[in-house]
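A short reminder: the numbers here are calculations on the coordinates, not readings from a lab. This one's a predicted model, so the numbers in the text were calculated from it and none came from an experiment. So basically every Cβ, Gly included, is an ideal-geometry build from the backbone, and we count neighbours across all protein chains shown.
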Amino acid sequence: MNGAEVLDIASSAIWTLILVAAPVMLVGLFVGIVVALFQALTQIQEATLVFVPKILSIFVALLLTLPFMGATMSSFTREITQLIITGF
């Protein structure tokens, strides 16, 4: 196994990580911005106000995207397993 193969595997792992984490992170970002905008417009300066909507929306996003995440991780695991079996 040479450096190019290691870089290919690392690149594939990072891309898989981005694909798996992006939906949940984007939902959390969007809800955080919406709540921050609401706080700015109403001048409510409660620091804990953002946590409940963010936790609930992230939980719903996890429930909705869990099949996609599982399929993505499963295909990556199959790729790595196949590389190990064939000896890279």
Item checked: Relative contact order of the chain, pairs being alpha-carbon contacts under 8 Å that are 6 or more residues apart, as % -> 44 percent
Checklist line | Two-site FRET efficiency, M69 against A40, from Cβ-Cβ distance with R₀ of 41 Å, rounded to 0.05 | finding: 0.80
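What Kirkwood hydrodynamic radius do you get for the chain when you take the inverse of the mean 1/r over all pairs of distinct Cα atoms, in Å?
Radius from the Kirkwood sum: 15.6 Å.
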Margin query: From the phi angles alone, apply the Karplus equation (6.51, -1.76, 1.60; θ = phi - 60°) to segment 31-36 and give each ³J(HN,Hα) in whole Hz, x where the residue is Gly or Pro.
Written below: 5, x, 5, 5, 5, 5
Checklist line | Span from the segment 29-70 Cα centroid across to the segment 1-26 one, whole angstrom | finding: 27 Å
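Per the helix-only calculation at 222 nm, which mean residue ellipticity applies to the chain, given -39500 (n - 2.57) for every DSSP H run of n ≥ 4 and division by its residues, nearest 500 deg cm²/dmol?
Result for the chain: -32000 deg cm²/dmol, rounded to the nearest 500.
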Next item on the list: Note the full-extension length gain between A10 and L83 as 0.36 nm times their separation in residues minus their Cα-Cα distance, in nm to one decimal.
Entry: 25.0 nm
